[in-house]
Amino acid sequence: MIDVNPRSVLALILGGGRGTRLYPLTKIRAKPSVPLAAKYRLIDIPISNCINSNINQIFVLTQFLSNSLHRHIRQTYRFDHFSGGFVEILAAQQTMEGGTDWYEGTADAVRKNLVHLDQKGVQYVLILSGDQLYRMDYAAMLRTHIDSQADVTIAAIPVERKEAHALGVMRCDETGRVTGFLEKPQTEDDVNLVKMDPAWIDAQGIESKGRDCLASMGLYVFNRDLLMEVLEKTAYEDFGKEVFPAAIRSRQVQVHMFDDYWEDIGTIRAFYEANLQLAQPSPPFDLVCPQAPVYSRPRFLPPAIVEGATIEGSLIADGCRIGSGTTIENSVIGLRCLIGENVTIRDSIIMGSDYFDTDDEVAGHVAAGLPPVGIGSGSQIVGSILDKNCQVGENVVVHNASGVESSDEFDPCLIRDGIPILVKDGVLPDGWKMT
C-alpha cells in the first residue's frame, strides 16, 4: 500500500485514439470499453490496479465512441462518501478557451484537462494507458519516484533486442536515472545506442535472460507542478515522443523496473491471443489473485448451466446455457451466451450478450426468419471472434480455413489479421458458411 497520503496522488487513464487497429471491435465503442476475459472490459485493468494500490482519485480521458465506457464506469465504480474517491470521465469537449479541438495526442489530452489537476493537496500525477493487460502495484512505482527524488518516473520492462523495434527503448546509468531514449529503433546500430548491460538488469533483482533493452511501458509518474509547467509552456502533443525525451535532457527522470506479464492490446491479433492465453491452465496473467483482484460491474446473473457438454481449457462466464453434445476447447465464452446442441467452438472468443431475449422476442425473431440471440445447434465456430448480441443460426460455419488475412468491409463476417469477426448485433442465418 502507498505510504504517502492517497489524496496527494491523481491518476489519469488515457483512453486512446480511434482504435483503428482494433477495428471492428472499436466500430461502436472506445478501446478501453472492449470486452476482455468473458466478463471484464479493458478499462477494468488500470482502474483495478489503482484501487489495489490505494489510489482512488481517477480520471479517464476519452473522446471517441465513449457512451458504453461512460455507462460501464458509472455502473461499476462507486466509492463511499467518506473516502473522497472517484472515477470520472473527462471527454473531449467544447470550451470557451480551447474551442472544439479534439485531443491531438496523449500530452495534448492532459493539457486540455489541466484544470482538473489543479487540486489542493495533489503532488503526483500517475499517467496510465487504458488498453494494456498487466498487474502492477503503483505504490511501488511511487516509492521509486519519491526515494530517487525524481521529477519523472517511467515504468520499464526488459525485452530482447528483436522486440525493441516496436517500442520506446531507454538507457540508464548505474543509479537508474534515464540518460537516453530512442523511439522504435530500427537498426542494430540504433539499438546499440540505448542497450543496457545485462549485468545491470540482474543487479536490480531481475534475471536478464538475454534481454538487454529496457522498453517503456507508457506509464509515468510526474510531479504535478512540473507536469503543469511543461504542458503550459510547450505545445508537445505526445508523452512518449516529445515530453519524455525532453525531460531526460533537463530533469531527473528515473526508471521503475517491472518484470511480469504485460501486453499492449493494440491489434486484433494481440487481443485474440491475450484472451485465449487467459484460458490456459497456467495463464501468464492470472485472474485469480486474492491480493489484487480485477474488479468489474456486478451483474447478479445466474450460474452457467452446462447440459452434457465437453469443455476443455476455456473460460465460461455467468448466465450461460450450453447445450448437450457441444464441444468447447481453448475458448472464452462471455456473459449470457446461449449455445445450442452439438455446437463446436474451438480457439474462439464469444463475447455473449448484453441481455436475455424474452419469449416474445425469440418468437419475433423466428417470425422474421432470423435466429435468436446466441449460437444455434450444429454450428461450428473455429479461430474466430463473435462480438456481443450476435444471432448465429443453426449449422453455421465460421472458420477461415483458407487463411485469408482480411476481407471486405461489407462481408457479413469480417476478417482482420486472419481472424473472422462477427460484429456486434451481427446476424448469420441458418446454414451460412464462410467461403
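The values are calculated or read from the model by the stated rules, or taken from the named source; none is laboratory data. In this text the structure is predicted, and so the values were computed from the model without any measurement. When we count neighbours, we look across all protein chains shown, and the Cβ atoms used for this are built from the backbone with ideal geometry, even at glycine.
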Working only within the stretch 52-63, note down all residues that are surrounded by 22 or more Cβ atoms within 10 Å (Cβ to Cβ) and outside any loop (DSSP other than H, G, I, E, B).
-> GLN57, ILE58, VAL60, LEU61, THR62
Residue in the stretch 332-348 that is surrounded by the fewest Cβ atoms within 10 Å (Cβ to Cβ), counting only those that are in contact with a Leu (Cβ under 8 Å, 6 or more places away or on another chain) and on the phi > 0 side of the Ramachandran plot | ASP347
Collect the residues in the stretch 184-194 that are in contact with a Pro (Cβ under 9 Å, 6 or more places away or on another chain), within 21 Å of ALA247 (Cβ to Cβ) and either at pLDDT 95 or above or crowded, with 16+ Cβ neighbours inside 10 Å (or both), keeping them in residue-number order.
-> VAL194
Restrict the check to the stretch 173-181 and report whether at least one residue is among the hydroxyl-bearing types (Ser, Thr, Tyr) and over 28 Å from the mean Cα position of the chain (by Cα).
-> yes
Residues (surrounded by 21 or more Cβ atoms within 10 Å (Cβ to Cβ) and either in contact with a Lys or Arg (Cβ under 9 Å, 6 or more places away or on another chain) or under 13 Å from LEU226 (Cβ atoms) (or both)) located in the stretch 108-123 = VAL110
GLN391 without any contact (Cβ under 8 Å) to a residue 40 or more places away in the chain, over 23 Å from SER68 (Cβ atoms) and within 30 Å of the chain's Cα centre (by Cα) | no
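Among the residues of the stretch 308-317 satisfying the criterion of being modelled with pLDDT of 95 or more and over 15 Å from ALA37 (Cα atoms), which is surrounded by the most Cβ atoms within 10 Å (Cβ to Cβ)?
Within the stretch 308-317, the subset modelled with pLDDT of 95 or more is 309-317.
Now restrict to residues that are over 15 Å from ALA37 (Cα atoms): 309-312.
Values: ALA309: 19, THR310: 13, ILE311: 17, GLU312: 12.
Filtering the stretch 308-317 for residues that are modelled with pLDDT of 95 or more and over 15 Å from ALA37 (Cα atoms), the one surrounded by the most Cβ atoms within 10 Å (Cβ to Cβ) comes out as ALA309.
To keep it simple, each residue is scored yes or no on (1) among the charged types (D, E, K, R); (2) more than 30 Å from ARG78 (Cβ to Cβ).
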position	(1), (2)
GLN254	no, yes
ASP260	yes, no
PHE271	no, no
LEU278	no, no
VAL294	no, no
Selection count, the stretch 151-184, where residues are β-branched (Val, Ile, Thr) and either closer than 15 Å to MET141 by Cβ or outside any strand (DSSP E or B) (or both) = 6
Result of the Cβ filter at 6 Å on the stretch 64-85, keeping first residues that are touching a residue at least 40 places away in the same chain (Cβ under 8 Å) and surrounded by 16 or more Cβ atoms within 10 Å (Cβ to Cβ) and partners that are assigned to a helix (DSSP H, G or I) and not polar (S, T, N, Q), at least 6 apart or interchain, is LEU69/PRO32
Go through the residues of the stretch 286-300 one by one and say whether even a single one is within 30 Å of GLU394 (Cβ to Cβ), in contact with a Lys or Arg (Cβ under 9 Å, 6 or more places away or on another chain), surrounded by fewer than 19 Cβ atoms within 10 Å (Cβ to Cβ) and modelled with pLDDT under 95.
-> yes
Does at least one position in the stretch 163-176 carry a residue that is at pLDDT 95 or above, under 23 Å from THR106 (Cα atoms) and polar (S, T, N, Q)?
-> no
Spans of strands (runs of 3 or more DSSP E) in the stretch 196-266 with at least 2 residues within 22 Å of the chain's Cα centre (by Cα) and crowded, with 18+ Cβ neighbours inside 10 Å = 213-223, 253-257
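When you scan the stretch 98-109, do you find a residue that is closer than 30 Å to LEU276 by Cβ and either more than 20 Å from the chain's Cα centre (by Cα) or in contact (Cβ under 8 Å) with a residue 24 or more places away in the chain (or both), even just one? Talk me through it step by step, then tell me what you get.
Pass one, the stretch 98-109, residues closer than 30 Å to LEU276 by Cβ: 106.
Then drop every residue that is not either more than 20 Å from the chain's Cα centre (by Cα) or in contact (Cβ under 8 Å) with a residue 24 or more places away in the chain (or both), which leaves 106.
Yes, because at least one residue in the stretch 98-109 is closer than 30 Å to LEU276 by Cβ and either more than 20 Å from the chain's Cα centre (by Cα) or in contact (Cβ under 8 Å) with a residue 24 or more places away in the chain (or both).
Going by what's in this entry, would MET136 be described as in a loop (DSSP other than H, G, I, E, B) and either hydrophobic (A, V, I, L, M, F, W, C) or within 23 Å of GLY266 (Cβ to Cβ) (or both)?
On the way: in a loop (DSSP other than H, G, I, E, B): yes; either hydrophobic (A, V, I, L, M, F, W, C) or within 23 Å of GLY266 (Cβ to Cβ) (or both): yes.
Taking the combined requirement at face value, the residue satisfies it.
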Residues in the stretch 387-435 that are at negative phi and among the small types (Gly, Ala, Ser) total 6
With the checklist (1) modelled with pLDDT under 95; (2) more than 26 Å from the chain's Cα centre (by Cα); (3) surrounded by 17 or more Cβ atoms within 10 Å (Cβ to Cβ) in hand, flag the one item THR358 doesn't pass.
-> (3)
